[in-house]
Amino acid sequence: MYQVGNLVKELSDKHGHARESLMPILQAIVQKHNYLTDEAMVEVARELDISAAEVYGTASFYTFLDTQVKGKYVIRVCKTITCSMKGKSDIIQSIEEMLNIKVGETTPDNQFSLIETNCIGWCHKAPAILINDLPFTELTPEKVTEIIKDYMQK
């Protein structure tokens with residue numbers, strides 16, 4: 001777990017102390033620590049003078065604002081109809097078999113987390129995934145296997 005008091009104060013000083021600052025503050029915490037703790041959300045609520053329920057509701061609504069520890073590499077598989085029609089299921093199956101985890105799980109070594117998410121903006125080159133912030137498109141089971149192997153060697 002990480003300490004957030006000073007970080008939240010620093011971020012609210014940078015982004016402002018109003019409700020409109022909620023998203024940039026939450027995004028910055030996730031960028032720095034990979035997820036939002038309950039403590040962080042309570043601290044943000046206190047700093048912005050809004051309810052903790054509102055902060056948690058915002059964080060839980062957006063799939064990129066993780067509220068649980070994730071692996072070093074978060075693999076987000078687009079679950080739109082376009083990706084589904086172009087072979088998303090085969091991509092997920094390849095990743096699950098390679099990492100020996102299911103969607104929603106993290107590898108025991110905390111290197112990889114696999115999740116499905118709403119549109120990631122690459123439907124024109126489906127199927128697509130993001131690994132952390134890096135997109136990979138026009139995937140095949142073979143291509144995604146090579147990508148994951150590259151990440152395993154990092």
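We did not get these values from a lab; they are worked out from the coordinates using the rules stated. Quick caveat: nothing in here was measured; it's all calculated off a predicted structure. Backbone-built Cβ (ideal geometry, glycine too); neighbour counts: all protein chains shown.
Observations
- Most mobile listed residue (ASP90, ASP66, ASP109) in the chain, GNM with C-alpha springs under 10 Å: ASP109
- Between the residues GLY16, VAL77, ILE91, the greatest Cα displacement towards the positive end of the dipole of the chain, with unit charges on the Cβ of Lys, Arg, Asp and Glu, is found for ILE91.
- Of every Cα-Cα pair in the range 35-137, the percent that sits beyond 15 Å: 64
- Loop-resident trypsin sites (Lys or Arg not before Pro) (DSSP state other than H, G, I, E or B) in the range 57-124 with no more than 16 further Cβ atoms inside 10 Å of their Cβ: LYS72, LYS102.
- When only Cα pairs below 8 angstrom with a gap of at least 6 residues are kept, the chain shows a relative contact order of 19 percent.
- Computed [θ] at 222 nm, helices only, for the chain once each DSSP H run of length n ≥ 4 contributes -39500 (n - 2.57): -14000 deg cm²/dmol
- Cβ-isolated cysteines (cut-off 4.7 Å), the chain: CYS119, CYS123
- Note on LYS149: aspartates and glutamates with a C-alpha under 14 Å away, same-chain residues under 8 apart excluded, are GLU96, GLU97.
- For the chain, a simple Cβ point-charge model (Lys and Arg +1, Asp and Glu -1, everything else neutral) yields a dipole of about 320 debye relative to the Cα centre.
- Take the chain and mark each of the GluC sites (Glu not before Pro) that is in a DSSP loop with at most 16 other Cβ atoms within 10 Å; the longest unmarked stretch, sites excluded, is 1-104.
- Rounded to 10°, Cα long-axis angle of helix 38-48 versus longest principal axis of the chain: 50
- Among the listed pairs LYS32/LYS125; LYS14/LYS70; LYS32/LYS102; LYS79/LYS143; LYS86/LYS143, those beyond 24 Å (Cα-Cα): LYS32/LYS125; LYS14/LYS70; LYS32/LYS102
- With neighbours defined as other Cβ atoms within 10 Å of a residue's Cβ, the residues MET41, MET152, MET85 order from fewest to most as MET85, MET152, MET41.
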